[in-house]
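Remarks on the structure that follows.
Here, each number is a calculation from the coordinates, and none is a lab measurement. Quick caveat, the model's predicted, so the values are computed rather than measured. Cβ: placed from backbone, ideal geometry, glycine included. Neighbour counts: every protein chain shown.
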């Protein structure tokens with residue numbers, strides 16, 4: 001009996017001790033669980049705090065990014081300009097291919113690869129889509145048996161506004177012996193020339209010895225009419241040739257009744273430079289048909305391509321130029337004046353600083369630069385005497401060494417013009433403020 005009692009006592013002690021151990025384990029587990037919850041809560045609070053901090057930082061950054069705020073307010077015209085330009089260049093390329101084939105055995109000027117120029121191809125046109133003029137520059141060279149000689153006129157006036165292109169006949173007797181189908185207009189008997197009914201360039205597109213802009217433009221207009229009929233697009237589009245003495249202007253209607261305007265201008269390259277003698281008109285009231293003024297149009301297109309290649313992808317320099325072009329509409333200042341200002345600044349301000357965040361600062365720089373030029377009555381031509389010109393551009397020697405012409409010379413000569421320019425500038429600033437504030 002005593003042995004049984006002792007055995008029961010030992011069993012009870014065992015279960016008591018086991019209960020105490022399990023109770024301690026439970027208490028430790030509960031304490032550990034509570035500690036774990038506290039740690040997790042702190043981590044969540046810390047993470048939330050970090051997120052709030054990041055959001056606050058982002059908000060402060062966006063507050064500083066005023067350029068984005070104002071840029072989003074503005075109603076920008078033509079969002080797919082580059083695609084439209086590519087479409088037009090494709091059509092133009094097909095037109096010229098047909099034209100070149102038809103001219104392969106003639107004595108008319110040789111047409112070379114077209115170059116898209118002007119505000120559309122430079123990427124900053126201020127116009128709505130239906131008002132854009134796609135300007136195409138066609139380099140031309142003399143046909144076989146002929147040569148072009150550039151006469152620049154007054155060498156003290158650059159770019160020359162009175163330059164001409166003299167056409168001379170060249171002996172092709174050697175080629176005639178080699179190929180058999182080449183006439184020499186210098187030495188072929190007149191009877192044989194009449195029998196072949198071949199006319200040289202002097203007899204078709206020249207006035208006297210000089211290439212005639214009006215005759216060249218009219219000839220090209222007829223070529224475009226003929227070539228258009230062979231294009232597949234002619235079944236879906238309608239084209240009309242508009243009257244012009246110094247270019248070829250086309251109005252193209254597509255199946256959706258959208259209208260596109262294309263203008264072809266022609267030019268002869270000055271040596272191997274980026275400067276051409278072109279069919280563009282001058283600012284004179286009347287420009288003689290034998291005058292081909294010096295043109296920087298191709299160089300300007302090349303400049304904007306250069307900037308695009310070297311600027312960051314999100315550069316806002318074209319937006320700045322587009323805005324400038326919009327505020328000068330109806331103002332005495334021309335688009336070219338603002339374009340000259342922007343080109344000067346693009347050539348001096350680091351390109352990474354033309355980003356959206358500094359959009360307002362760059363617009364202010366443009367206005368300040370223009371104002372200082374008006375006050376000083378001087379705005380230098382960009383392409384002449386510019387010591388900061390990038391090496392990628394090829395200019396004639398006299399362009400590099402001459403003193404830059406003053407585009408504001410008229411202000412220096414007439415106090416009334418200068419006073420009016422100051423008033424017009426204030427109107428420009430007011431227009432810019434309205435555009436930035438209200439977007440249109």
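What the table below lists for this structure:
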quantity: Proxy reagent accessibility, fewest Cβ within 10 Å first, across 410, 418, 146; calculated: 410, 418, 146
quantity: Coarse-grained scattering of region 255-313 at q = 0.17, 0.23, 0.29 Å⁻¹, given as base-10 log I(q)/I(0) from a Debye sum over alpha-carbon atoms; calculated: -0.75, -0.94, -1.17
quantity: Least to most buried among 249, 161 (fewest other Cβ within 10 Å first); calculated: 161, 249
quantity: Centre separation in Å (Cα based) which lies between region 219-264 and region 387-440; calculated: 35
quantity: In Å, descending, principal axis extents of the Cα set of region 315-440; calculated: 48, 40, 19
quantity: Region 102-141: relative contact order in percent, alpha carbon pairs under 8 Å with at least 6 residues between; calculated: 53
